[in-house]
Amino acid sequence: MSQNESIICPQCGSTSPKIKSVYRETDLSFTSNDPIKTANINMENVDQYEDVRDALLICFFRCPSCEKHTIKIKGIGSEVKDKLLNFYPSSNAKVFPTYIPESIRKDYEEACQIVNLSPKASATLSRRCLQGMIRDYWKVTNKKNLYEEITAIQDKVSPEVARVLKGLKDLGNIGAHMEKDINLIIDIDSGEAEKLIKLIEYLMKEWYINRYESEQLFNDIIGIDEAKKEQKRNGKSQ
């Protein structure tokens, strides 16, 4: 653990170095000779648990900014390997500004909350989130479906973004629609669903946050310019 590692608080969005004063890890195993150990263990170091079926790693983080706690439980024993539970808060959803429509933020938060429980449902919510952003941010209306909505903005975004938007749509369709052959099962794992969530986060920043920050900067500069002009006018009239 070093100050080069950092943690983003899911409660307030601030970033903190991953150091002992704010971050602790405790491992727990029913079959271990020493079931509870308080030594700091690297979450990725599972070699010592190869012969243990039920080992868990409990991670505690206390944000120095908002002073709220984050608790995660990770399975590191052979029977529970790769299982992850966001104990508190219940997801890794980032805190986004309220100028992003509430319906979009709620779909995003729910997609984060169920990403491990139901990756296909999470992908479907990411798809819905994308559709809401296209309709709100790009003012796309009167289209039959998400494919037409993406097509309507493909000349306004880079070819790479247009391609990845169609990819998100297709992956979201896996959860939203059953295959014609009901015996054909195409699954989405939690890692893939997390990638879709990362894309939604990227688009929120690129579309909403960057636009808002640009408008704020432009308005500030215009305000400074008008104030200076007013000073000149007042100086000449004296």
- [ ] Select from the range 95-140 the residues that are of a type in the set (Ser, Thr, Tyr) and in a helix (DSSP H, G or I) and write down the one among them that is surrounded by the fewest Cβ atoms within 10 Å (Cβ to Cβ).
- [x] Ser103
TODO: Report whether or not Ser91 is assigned to a helix (DSSP H, G or I) and not aromatic (Phe, Trp, Tyr).
DONE: no
Task: Whichever residue in the range 76-119 is within 14 Å of Gln11 (Cα to Cα) and of a type in the set (Phe, Trp, Tyr) and, among such residues, is modelled with the highest pLDDT - done: Phe96
Open item on the list: Please verify whether Asp187 is modelled with pLDDT of 80 or more and closer than 18 Å to Ala111 by Cβ, treating the condition exactly as stated.
Closed with: no
Open item on the list: Suppose the filter is in contact with a Phe, Trp or Tyr (Cβ under 8 Å, 6 or more places away or on another chain) and at pLDDT below 95; does Lys169 pass it?
Closed with: yes
TODO: Consider only pairs whose beta carbons are under 7 Å apart and that are at least six residues apart or on different chains; among these, list those whose first residue lies in the range 113-137 and is more than 17 Å from Ala162 (Cβ to Cβ) and assigned by TED's automatic domain parsing to the domain that holds Met204 and whose second residue is crowded, with 22+ Cβ neighbours inside 10 Å and of a type in the set (Ser, Thr, Tyr).
DONE: Ile114/Ser122; Val115/Ser122; Cys129/Tyr108
Open item on the list: Go through the range 141-161 and report how many residues are in contact (Cβ under 8 Å) with a residue 12 or more places away in the chain and either in a loop (DSSP other than H, G, I, E, B) or under 16 Å from the mean Cα position of the chain (by Cα) (or both).
Closed with: 1
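The values are calculated or read from the model by the stated rules, or taken from the named source; none is laboratory data. Remember, predicted model here, so these are calculated numbers, not experimental data. Ideal geometry is used to build each Cβ from the backbone, glycine not excepted, and the neighbour counts take in all protein chains shown.
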